Amino acid sequence: MRPMDGLARALEALPKVDLHCHVEGTMRPTTVVELARKNGVPLPTAEPADLYTYSSLDEFLAVFWLVQSTLVDRDDWARLAYEAVTDSARHGVVHQECFFTPARHLAGGQRLAAIVAGLDEGLAAAEAETGTTCRLIADMDRAFGPEAGRQLVEELVGLRSARSPGTDRVIGVGMDSTELGVDSTTYAPAYDVARAAGLRLTGHQGENSTAQQVAACLDALGLERLDHGVPVLDSAVLTAQMVDERIPITVCPTSNVVIAHCFDRLEDHVLPRMRAAGLLATVNTDDPALSDLDLGREYAAVAEAFGWGWNQMVEVALDGIEASWLDESEKADLRARVVMAEGPRV
Ligand code: HPA
Ligand code: ZN
(Lines give C-alpha, C1' and ligand atoms only; values in the text may rest on other atoms or scores of the structure.)
(Ligands and ions follow the chains in the order given, each with its own letter.)
Protein backbone atom coordinates (compact mmCIF):
# COMPACT_ATOMS: atom_id res chain seq x y z
CA MET A 1 0.00 0.00 0.00
CA ARG A 2 1.36 3.46 -0.85
CA PRO A 3 2.05 5.68 2.17
CA MET A 4 -0.54 8.24 0.97
CA ASP A 5 -3.40 5.77 1.09
CA GLY A 6 -4.23 6.16 4.80
CA LEU A 7 -4.20 9.96 4.49
CA ALA A 8 -6.22 9.88 1.27
CA ARG A 9 -8.88 7.72 2.94
CA ALA A 10 -9.08 10.04 5.94
CA LEU A 11 -9.31 13.09 3.64
CA GLU A 12 -12.16 11.46 1.74
CA ALA A 13 -14.08 11.15 5.02
CA LEU A 14 -13.07 14.58 6.35
CA PRO A 15 -16.13 16.89 6.26
CA LYS A 16 -15.41 19.42 3.52
CA VAL A 17 -17.09 22.35 1.81
CA ASP A 18 -16.94 23.06 -1.92
CA LEU A 19 -17.38 26.75 -2.73
CA HIS A 20 -16.37 26.62 -6.37
CA CYS A 21 -18.32 24.00 -8.24
CA HIS A 22 -20.38 24.49 -11.39
CA VAL A 23 -23.49 22.34 -11.24
CA GLU A 24 -23.28 21.77 -15.00
CA GLY A 25 -19.66 20.68 -14.51
CA THR A 26 -20.83 17.87 -12.25
CA MET A 27 -22.80 16.15 -15.02
CA ARG A 28 -21.86 12.50 -15.23
CA PRO A 29 -20.81 11.55 -18.78
CA THR A 30 -23.57 8.92 -18.83
CA THR A 31 -26.13 11.60 -17.93
CA VAL A 32 -24.86 13.83 -20.77
CA VAL A 33 -25.44 10.97 -23.21
CA GLU A 34 -28.89 10.16 -21.80
CA LEU A 35 -30.11 13.77 -21.74
CA ALA A 36 -28.70 14.38 -25.23
CA ARG A 37 -30.63 11.38 -26.52
CA LYS A 38 -33.81 12.42 -24.69
CA ASN A 39 -33.63 16.00 -25.96
CA GLY A 40 -32.33 15.32 -29.47
CA VAL A 41 -29.01 17.11 -28.93
CA PRO A 42 -26.30 15.82 -31.29
CA LEU A 43 -23.03 14.85 -29.59
CA PRO A 44 -19.66 14.69 -31.40
CA THR A 45 -19.06 11.20 -29.95
CA ALA A 46 -21.25 8.55 -28.37
CA GLU A 47 -18.41 7.51 -26.09
CA PRO A 48 -19.05 9.39 -22.81
CA ALA A 49 -15.41 9.42 -21.68
CA ASP A 50 -14.29 11.00 -24.99
CA LEU A 51 -16.57 14.00 -24.52
CA TYR A 52 -14.43 15.58 -21.87
CA THR A 53 -11.21 16.48 -23.70
CA TYR A 54 -9.83 20.02 -24.12
CA SER A 55 -6.51 21.87 -24.07
CA SER A 56 -7.37 25.45 -23.03
CA LEU A 57 -10.01 27.33 -21.03
CA ASP A 58 -11.86 28.35 -24.17
CA GLU A 59 -11.79 24.79 -25.57
CA PHE A 60 -13.05 23.58 -22.21
CA LEU A 61 -15.85 26.13 -22.38
CA ALA A 62 -16.99 24.68 -25.71
CA VAL A 63 -17.40 21.30 -23.97
CA PHE A 64 -19.10 22.99 -21.01
CA TRP A 65 -21.56 24.69 -23.36
CA LEU A 66 -22.29 21.37 -25.06
CA VAL A 67 -23.05 19.83 -21.67
CA GLN A 68 -25.28 22.80 -20.84
CA SER A 69 -27.19 22.35 -24.10
CA THR A 70 -28.47 18.96 -22.94
CA LEU A 71 -30.45 20.67 -20.15
CA VAL A 72 -33.84 21.45 -21.63
CA ASP A 73 -36.64 21.08 -19.10
CA ARG A 74 -37.19 21.41 -15.38
CA ASP A 75 -36.75 17.66 -14.80
CA ASP A 76 -33.31 17.78 -16.43
CA TRP A 77 -32.19 20.48 -14.00
CA ALA A 78 -33.63 18.50 -11.08
CA ARG A 79 -31.77 15.37 -12.14
CA LEU A 80 -28.51 17.27 -12.58
CA ALA A 81 -28.79 18.88 -9.14
CA TYR A 82 -29.74 15.62 -7.43
CA GLU A 83 -26.79 13.78 -8.95
CA ALA A 84 -24.40 16.67 -8.17
CA VAL A 85 -25.05 16.47 -4.44
CA THR A 86 -25.39 12.70 -4.10
CA ASP A 87 -22.05 12.37 -5.93
CA SER A 88 -20.21 14.98 -3.84
CA ALA A 89 -21.64 13.68 -0.56
CA ARG A 90 -20.04 10.30 -1.25
CA HIS A 91 -16.66 12.04 -1.08
CA GLY A 92 -17.18 13.87 2.20
CA VAL A 93 -18.69 17.15 0.98
CA VAL A 94 -21.05 18.38 3.71
CA HIS A 95 -21.87 21.78 2.24
CA GLN A 96 -21.54 23.31 -1.20
CA GLU A 97 -22.23 26.63 -2.83
CA CYS A 98 -22.81 25.73 -6.46
CA PHE A 99 -22.82 27.95 -9.52
CA PHE A 100 -25.38 27.66 -12.27
CA THR A 101 -24.96 29.70 -15.45
CA PRO A 102 -28.28 30.03 -17.27
CA ALA A 103 -27.54 32.65 -19.98
CA ARG A 104 -27.51 30.11 -22.80
CA HIS A 105 -30.76 28.55 -21.66
CA LEU A 106 -32.52 31.88 -21.15
CA ALA A 107 -31.43 33.01 -24.63
CA GLY A 108 -32.93 29.75 -25.93
CA GLY A 109 -36.30 30.47 -24.33
CA GLN A 110 -36.13 28.65 -20.98
CA ARG A 111 -37.57 30.42 -17.95
CA LEU A 112 -35.35 31.30 -14.99
CA ALA A 113 -38.16 30.39 -12.59
CA ALA A 114 -38.34 26.84 -14.01
CA ILE A 115 -34.55 26.40 -13.93
CA VAL A 116 -34.34 27.45 -10.28
CA ALA A 117 -37.39 25.41 -9.30
CA GLY A 118 -35.91 22.33 -11.00
CA LEU A 119 -32.54 22.79 -9.33
CA ASP A 120 -34.22 23.30 -5.97
CA GLU A 121 -36.30 20.14 -6.34
CA GLY A 122 -33.23 18.00 -7.06
CA LEU A 123 -31.20 19.65 -4.31
CA ALA A 124 -33.93 19.22 -1.72
CA ALA A 125 -34.19 15.50 -2.52
CA ALA A 126 -30.42 15.06 -2.35
CA GLU A 127 -30.16 17.05 0.88
CA ALA A 128 -32.83 14.87 2.50
CA GLU A 129 -31.00 11.73 1.41
CA THR A 130 -27.43 12.75 2.26
CA GLY A 131 -27.52 15.56 4.85
CA THR A 132 -25.21 17.61 2.60
CA THR A 133 -26.51 21.15 2.15
CA CYS A 134 -26.34 23.11 -1.08
CA ARG A 135 -26.96 26.76 -1.87
CA LEU A 136 -26.86 28.27 -5.34
CA ILE A 137 -24.95 31.15 -6.93
CA ALA A 138 -26.35 32.54 -10.19
CA ASP A 139 -23.43 33.17 -12.50
CA MET A 140 -23.46 35.65 -15.35
CA ASP A 141 -21.87 34.23 -18.51
CA ARG A 142 -19.32 36.74 -19.85
CA ALA A 143 -19.81 35.36 -23.36
CA PHE A 144 -23.25 37.03 -23.27
CA GLY A 145 -22.13 40.47 -22.14
CA PRO A 146 -22.85 42.77 -19.19
CA GLU A 147 -26.38 43.76 -20.22
CA ALA A 148 -27.54 40.11 -20.26
CA GLY A 149 -25.86 39.79 -16.86
CA ARG A 150 -27.75 42.75 -15.45
CA GLN A 151 -31.03 41.40 -16.80
CA LEU A 152 -30.37 38.01 -15.19
CA VAL A 153 -29.77 39.63 -11.80
CA GLU A 154 -32.86 41.87 -12.14
CA GLU A 155 -35.01 38.85 -12.97
CA LEU A 156 -33.57 36.84 -10.09
CA VAL A 157 -34.23 39.67 -7.65
CA GLY A 158 -37.82 39.94 -8.93
CA LEU A 159 -38.39 36.20 -8.54
CA ARG A 160 -36.98 36.28 -5.02
CA SER A 161 -39.35 39.12 -4.08
CA ALA A 162 -42.24 37.10 -5.49
CA ARG A 163 -41.06 34.06 -3.48
CA SER A 164 -40.81 31.96 -6.61
CA PRO A 165 -40.01 28.33 -5.60
CA GLY A 166 -36.36 27.71 -4.86
CA THR A 167 -35.18 31.28 -5.22
CA ASP A 168 -34.39 31.56 -1.50
CA ARG A 169 -31.70 28.97 -2.18
CA VAL A 170 -29.92 31.40 -4.53
CA ILE A 171 -27.79 33.35 -2.08
CA GLY A 172 -25.36 35.10 -4.38
CA VAL A 173 -24.29 36.09 -7.86
CA GLY A 174 -21.05 35.59 -9.75
CA MET A 175 -19.65 35.59 -13.26
CA ASP A 176 -17.73 32.99 -15.22
CA SER A 177 -16.80 31.92 -18.75
CA THR A 178 -14.12 33.47 -20.93
CA GLU A 179 -11.80 36.27 -19.76
CA LEU A 180 -10.27 36.91 -23.17
CA GLY A 181 -11.16 40.34 -24.53
CA VAL A 182 -13.51 40.96 -21.63
CA ASP A 183 -13.39 43.92 -19.24
CA SER A 184 -15.10 42.38 -16.21
CA THR A 185 -15.53 45.77 -14.55
CA THR A 186 -18.33 46.43 -17.07
CA TYR A 187 -20.44 44.07 -14.94
CA ALA A 188 -20.64 46.72 -12.19
CA PRO A 189 -24.31 47.62 -12.88
CA ALA A 190 -25.32 43.96 -12.43
CA TYR A 191 -23.37 43.69 -9.18
CA ASP A 192 -24.96 46.94 -7.96
CA VAL A 193 -28.43 45.43 -8.42
CA ALA A 194 -27.37 42.26 -6.61
CA ARG A 195 -25.79 44.17 -3.71
CA ALA A 196 -28.89 46.35 -3.28
CA ALA A 197 -31.00 43.17 -3.02
CA GLY A 198 -28.77 41.70 -0.30
CA LEU A 199 -27.22 39.01 -2.49
CA ARG A 200 -23.63 37.92 -1.85
CA LEU A 201 -21.02 38.77 -4.52
CA THR A 202 -18.32 36.65 -6.09
CA GLY A 203 -16.74 36.33 -9.52
CA HIS A 204 -14.32 34.31 -11.60
CA GLN A 205 -11.17 36.23 -12.42
CA GLY A 206 -7.55 35.27 -12.87
CA GLU A 207 -7.46 32.14 -15.02
CA ASN A 208 -6.50 34.15 -18.10
CA SER A 209 -5.90 37.63 -16.70
CA THR A 210 -3.46 39.64 -14.60
CA ALA A 211 -3.32 40.72 -10.98
CA GLN A 212 -4.18 44.25 -12.17
CA GLN A 213 -7.38 42.95 -13.76
CA VAL A 214 -8.24 41.06 -10.57
CA ALA A 215 -7.66 44.19 -8.50
CA ALA A 216 -9.82 46.26 -10.85
CA CYS A 217 -12.66 43.73 -10.39
CA LEU A 218 -12.47 43.81 -6.61
CA ASP A 219 -12.56 47.60 -6.72
CA ALA A 220 -15.25 48.13 -9.34
CA LEU A 221 -17.53 45.24 -8.42
CA GLY A 222 -17.07 45.02 -4.66
CA LEU A 223 -16.51 41.26 -4.78
CA GLU A 224 -16.50 39.70 -1.32
CA ARG A 225 -15.04 36.44 -2.63
CA LEU A 226 -12.84 35.71 -5.64
CA ASP A 227 -13.03 32.58 -7.80
CA HIS A 228 -9.62 31.30 -9.04
CA GLY A 229 -7.47 34.42 -8.45
CA VAL A 230 -4.37 32.65 -9.75
CA PRO A 231 -2.19 35.79 -10.27
CA VAL A 232 -3.02 37.54 -6.96
CA LEU A 233 0.51 37.12 -5.56
CA ASP A 234 1.93 39.03 -8.54
CA SER A 235 0.74 42.23 -6.84
CA ALA A 236 1.97 42.95 -3.32
CA VAL A 237 -0.70 45.64 -2.92
CA LEU A 238 -3.54 43.31 -3.95
CA THR A 239 -2.18 40.52 -1.76
CA ALA A 240 -1.99 42.84 1.24
CA GLN A 241 -5.55 44.06 0.65
CA MET A 242 -6.92 40.51 0.37
CA VAL A 243 -5.02 39.37 3.46
CA ASP A 244 -6.15 42.38 5.51
CA GLU A 245 -9.79 42.12 4.43
CA ARG A 246 -9.79 38.30 4.58
CA ILE A 247 -11.30 38.14 1.10
CA PRO A 248 -11.49 34.41 0.34
CA ILE A 249 -10.14 32.90 -2.87
CA THR A 250 -11.85 29.74 -4.10
CA VAL A 251 -8.83 28.04 -5.62
CA CYS A 252 -9.29 25.00 -7.88
CA PRO A 253 -5.77 23.56 -8.15
CA THR A 254 -6.38 20.63 -10.49
CA SER A 255 -8.68 22.70 -12.69
CA ASN A 256 -5.94 25.32 -13.04
CA VAL A 257 -3.67 22.57 -14.43
CA VAL A 258 -6.08 20.62 -16.64
CA ILE A 259 -8.60 23.33 -17.69
CA ALA A 260 -6.89 26.72 -17.73
CA HIS A 261 -3.35 25.31 -18.12
CA CYS A 262 -1.92 27.92 -15.74
CA PHE A 263 0.61 25.33 -14.47
CA ASP A 264 2.17 22.23 -15.97
CA ARG A 265 1.84 20.21 -12.78
CA LEU A 266 -0.03 20.49 -9.49
CA GLU A 267 3.34 20.74 -7.73
CA ASP A 268 3.92 24.07 -9.53
CA HIS A 269 0.67 25.64 -8.27
CA VAL A 270 0.93 28.84 -6.19
CA LEU A 271 -1.50 27.58 -3.53
CA PRO A 272 1.22 26.96 -0.91
CA ARG A 273 2.63 30.44 -1.48
CA MET A 274 -0.86 31.94 -1.27
CA ARG A 275 -1.53 30.28 2.07
CA ALA A 276 1.94 31.14 3.39
CA ALA A 277 1.25 34.79 2.51
CA GLY A 278 -1.82 34.69 4.75
CA LEU A 279 -4.43 34.60 1.99
CA LEU A 280 -7.67 32.77 2.75
CA ALA A 281 -7.08 30.40 -0.17
CA THR A 282 -9.42 27.40 -0.13
CA VAL A 283 -9.49 24.15 -2.12
CA ASN A 284 -12.39 23.36 -4.46
CA THR A 285 -13.27 21.27 -7.52
CA ASP A 286 -14.61 23.66 -10.25
CA ASP A 287 -16.00 21.10 -12.73
CA PRO A 288 -15.49 17.72 -11.07
CA ALA A 289 -17.11 15.45 -13.66
CA LEU A 290 -15.51 17.26 -16.57
CA SER A 291 -12.07 16.82 -15.03
CA ASP A 292 -12.64 13.36 -13.51
CA LEU A 293 -12.34 14.67 -9.97
CA ASP A 294 -14.04 14.79 -6.59
CA LEU A 295 -13.17 16.87 -3.52
CA GLY A 296 -11.79 13.89 -1.59
CA ARG A 297 -9.33 13.19 -4.37
CA GLU A 298 -8.53 16.90 -4.73
CA TYR A 299 -7.61 17.14 -1.04
CA ALA A 300 -5.46 14.01 -1.37
CA ALA A 301 -3.79 15.32 -4.53
CA VAL A 302 -3.04 18.67 -2.88
CA ALA A 303 -1.63 16.94 0.22
CA GLU A 304 0.60 14.75 -1.92
CA ALA A 305 1.75 17.54 -4.25
CA PHE A 306 2.71 19.92 -1.43
CA GLY A 307 3.72 17.39 1.22
CA TRP A 308 0.92 18.53 3.53
CA GLY A 309 -0.17 16.25 6.37
CA TRP A 310 -3.47 15.78 8.18
CA ASN A 311 -3.22 18.92 10.32
CA GLN A 312 -2.54 21.16 7.35
CA MET A 313 -5.47 19.67 5.44
CA VAL A 314 -7.73 20.19 8.47
CA GLU A 315 -6.69 23.87 8.33
CA VAL A 316 -7.67 23.93 4.65
CA ALA A 317 -11.07 22.45 5.50
CA LEU A 318 -11.61 24.98 8.31
CA ASP A 319 -10.68 27.85 5.99
CA GLY A 320 -13.30 26.58 3.53
CA ILE A 321 -15.90 26.89 6.27
CA GLU A 322 -14.75 30.42 7.11
CA ALA A 323 -14.96 31.37 3.42
CA SER A 324 -18.48 29.99 3.04
CA TRP A 325 -21.65 32.07 3.18
CA LEU A 326 -23.17 30.01 5.99
CA ASP A 327 -24.25 31.87 9.10
CA GLU A 328 -22.09 31.76 12.23
CA SER A 329 -24.02 28.98 13.97
CA GLU A 330 -23.91 26.78 10.85
CA LYS A 331 -20.17 27.45 10.58
CA ALA A 332 -19.68 26.51 14.23
CA ASP A 333 -21.51 23.18 13.68
CA LEU A 334 -19.35 22.35 10.69
CA ARG A 335 -16.13 23.35 12.47
CA ALA A 336 -17.02 20.98 15.29
CA ARG A 337 -17.47 18.15 12.79
CA VAL A 338 -14.11 18.89 11.18
CA VAL A 339 -12.13 18.97 14.42
CA MET A 340 -13.80 15.73 15.57
CA ALA A 341 -12.87 13.96 12.33
CA GLU A 342 -10.62 10.96 12.64
CA GLY A 343 -7.17 11.37 11.12
CA PRO A 344 -5.23 8.65 9.33
CA ARG A 345 -4.41 5.53 11.31
CA VAL A 346 -0.69 5.35 12.02
N1 HPA B 1 -13.78 29.24 -15.67
C2 HPA B 1 -14.62 29.95 -16.38
N3 HPA B 1 -15.82 29.52 -16.67
C4 HPA B 1 -16.20 28.32 -16.26
C5 HPA B 1 -15.35 27.54 -15.53
C6 HPA B 1 -14.09 28.03 -15.21
O7 HPA B 1 -13.27 27.40 -14.54
N8 HPA B 1 -16.03 26.39 -15.27
C9 HPA B 1 -17.23 26.50 -15.82
N10 HPA B 1 -17.34 27.67 -16.44
ZN1 ZN C 1 -15.23 27.89 -12.10
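The values are calculated or read from the model by the stated rules, or taken from the named source; none is laboratory data. As the structure is a computational prediction, the values presented were derived from the model and not from experiment. Methodologically, a virtual Cβ is constructed for each residue, glycine included, from the backbone with ideal geometry; neighbour enumeration extends over all protein chains shown.
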Item checked: Condition broken by GLN68, with the remaining ones in (1) of a type outside the set (Ser, Thr, Tyr); (2) within 16 Å of ligand 2 (Cβ to nearest atom); (3) surrounded by 18 or more Cβ atoms within 10 Å (Cβ to Cβ); (4) at pLDDT below 95 satisfied -> (4)
Notebook entry, point to check: Taking region 185-203 as the search range and keeping residues that are within 16 Å of ligand 2 (Cβ to nearest atom) and free of Cβ contacts under 8 Å to residues at least 40 places away in the same chain, which one is farthest from SER255 (Cα to Cα)?
Noted result: LEU201
Next item on the list: Please report, ordered by residue number, the helices (runs of 4 or more DSSP H) entirely within region 213-329 with at least 3 residues that are away from ligand 2 (no atom under 16 Å from the Cβ) and of a type outside the set (Lys, Arg).
Entry: 236-244, 271-276, 295-306, 310-323
Note to self: When you scan region 69-91, do you find a residue that is farther than 18 Å from ARG169 by Cβ, in a helix (DSSP H, G or I) and not charged (D, E, K, R), even just one?
What the structure shows: yes
Notebook entry, point to check: In this structure, is LEU35 touching a Gly at 6+ places or on another chain (Cβ under 8 Å) and aliphatic (A, V, I, L, M)?
Noted result: no
Next item on the list: Tell me which residues, restricted to region 80-118, are free of Cβ contacts under 8 Å to residues at least 12 places away in the same chain and either charged (D, E, K, R) or touching a Phe, Trp or Tyr at 6+ places or on another chain (Cβ under 8 Å) (or both).
Entry: ARG111
Item checked: Residues located in region 250-268, provided they are more than 16 Å from ligand 1 (Cβ to nearest atom) and closer than 19 Å to MET175 by Cα -> none
Checklist line | Test result for ASP268, closer than 18 Å to VAL251 by Cα and without any contact (Cβ under 8 Å) to a residue 12 or more places away in the chain | finding: yes
Item checked: Output for region 204-249, where each listed residue is within 16 Å of ligand 1 (Cβ to nearest atom) and either more than 21 Å from the chain's Cα centre (by Cα) or at positive phi (or both) -> GLY206, HIS228, GLY229
Margin query: Every residue in region 200-237 that is closer than 23 Å to THR167 by Cα, touching an Asp or Glu at 6+ places or on another chain (Cβ under 7 Å) and surrounded by fewer than 24 Cβ atoms within 10 Å (Cβ to Cβ), please.
Written below: ARG200, LEU201
